[in-house]
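To keep things clear, I will list the structure first and then write my remarks on it.
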Amino acid sequence: MRRIPVLPLAVGLILLLFLSLLCGVGLGASGIGWGQVLRFLRDGVTGGTIRAGDVAAYTIVWELRLPRVVLAAVVGAGLAAVGVAVQAMVRNALADPFVLGISSGAAVGANAVILLGAFAGLGVWALSVSAFVSALAAMVLVYAVAQSAAHGLTPLRLILTGTALAYGFEAVTTVMVFGAARGEAARSAMMWLLGSLGGATWAQVPIAAVTVLVGWAWLARRAESLNALAMGDETAAALGVQPARLRRELFLVTAAVTGTVVAVSGAIGFVGLMVPHVVRMLVGADHRRVLAVAPLVGAVLLVWADVLSRLLLAPAELPVGVITAVVGVPAFLLLMRRGGYAFGGR
């Protein structure tokens, strides 16, 4: 299959992302015109004066929609980059950021806040902090169990340990949801479990953006090592890469990025699984090219998934994970039917 040059593709995706962000801010159920949206964005950037009659519309555009679409782009970019890394780390084309059980662990903490009122003293930060802390606890548990075996940390052991513990975390979450005294709380918990950016605020954006940017930069710097690791431990060792050490570093980076984005968006599936395969079809299996393009594709995809989640049943919202699944399932099945593409480039 003919590969697309990375530079023009990346430039095109950056322009598409900018237009997607603009559409994400302009489209909504409140019926604010495009002229007003552009004027509010200009005033927000330049510090212009807002007329008293426009305060409500300005708040919707600047305080609700804009941080939401920016956070959607950040989360999509992070999930896509981590998906590339996880598939190389465990050498499994069906792996995604959630295969290590981290999102299931985060769900336990999030539901403890939604259903039981845990960490109430942290106010609006309770949900994000609890999800992140429980994601890190899950990460430590998965790593400790996988590392404790006789032959140390291996890709298969990481997948099996993460999958097994994920089932355990999901069982805990299910018990909490079924035991909820209030139906609305159970609905909020299910909404979070399927992914939602409805609670996005400007305060969440810098933390998520910095974590994703640092994680992506580290992965891009180790792209050649990922190429070696994807060819097998023996080949990687022959090329001067220490597979066990690199796998530990990858585990820490992917867990930190996954825990951060899950804490602000819930568990949004298919982005980290599907985007790496789509990008490999476009630019090949070299991780230097894949990591340059995958975050942009993930960002565009999640911005539009969030827009559709807001518009399809407006004024009600669908979970973002439902949209990514509706798009991801047929796309993934189509990928499997293509004769010219081998999963993982192998």
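The values are calculated or read from the model by the stated rules, or taken from the named source; none is laboratory data. All values reported here derive from a predicted model rather than from experimental measurement. Please note: Cβ atoms are built from the backbone with ideal geometry, for glycine as well, and neighbour counts cover all protein chains shown. These area figures cover heavy atoms from the full protein model, side chains too; ligands, DNA and RNA do not enter into them. Shrake-Rupley method; radii C 1.70, N 1.55, O 1.52, S 1.80 Å.
Some observations on this one:
- Cβ-Cβ FRET estimate between Ala244 and Leu7, R0 fixed at 25 Å, reported to 0.05: 0.10
- Accessible surface of the stretch 212-275, 1.4 Å probe: 60 percent of it comes from carbon and sulfur atoms.
- GNM top mover of Ala56, Ala285, Ala146 - the chain, alpha-carbon springs below 10 Å: Ala56
- Taking the C-alpha atoms only, the angle from helix 183-193 to the longest principal axis of the chain is near 50 degrees.
- When both the stretch 68-86 and the stretch 20-66 are represented by their alpha-carbon centers, they are found 25 Å apart.
- Prolate/oblate/rounded call for the stretch 257-305, Cα gyration tensor, a/c under 1.5 rounded: prolate
- When the chain is treated as a GNM with alpha-carbon contacts under 10 Å, the residue of Ser148, Ser196, Ser134 showing the greatest mean-square fluctuation is Ser148.
- Checking (i) 19.0; (ii) 22.9; (iii) 17.7 against mean projected area of the Cα convex hull in nm² calculated from these atoms, the matching label is (i).
- The stretch 1-109, relative contact order [Cα under 8 Å, separation at least 6], %: 18 percent
- Accessible surface computed residue by residue for the chain, with neighbouring protein chains in place and a 1.4 Å probe, gives 45 Å² per residue.
- Axis angle, to the nearest 10 degrees, between helix 66-89 and the longest C-alpha principal axis of the chain: 10 degrees.
- Between the Cα long axis of helix 287-311 and the first principal axis of the chain there is an angle of about 40°, rounded to the nearest 10.
- GNM remark for the chain: springs join alpha carbons under 10 Å apart, and the peak mean-square fluctuation among Gly31, Gly44, Gly78 falls on Gly31.
- Normalised by the number of residues in the stretch 203-346, the mean separation of alpha-carbon contacts (under 8 Å, six or more apart) gives a relative contact order of 24 percent.
- Nitroxide proxy distance, nm - points 7 Å out along Cα→Cβ at Ser148 and Thr163: 2.1 nm
- Cα gyration tensor category, rounded, prolate or oblate, for the stretch 1-57 with a/c compared to 1.5: prolate
- Based on C-alpha pairs under 8 angstrom that are at least 6 apart in sequence, the chain has a relative contact order of 30 percent.
- Selection of trypsin sites (Lys or Arg not before Pro), the stretch 1-83, meeting DSSP coil and at most 10 other Cβ within 10 Å: Arg2, Arg51
- Remark: the Thr201-Phe178 segment gains 5.3 nm on full extension, using 0.36 nm per residue and subtracting the alpha carbon distance.
- Global geometry of the stretch 218-335, whether rounded, prolate or oblate, following the gyration tensor of its Cα atoms and the 1.5 cut on a/c: prolate
- Taking label points 7 Å from Cα along the Cα-to-Cβ direction, Ala314 and Ala29 give a separation of 0.9 nm.
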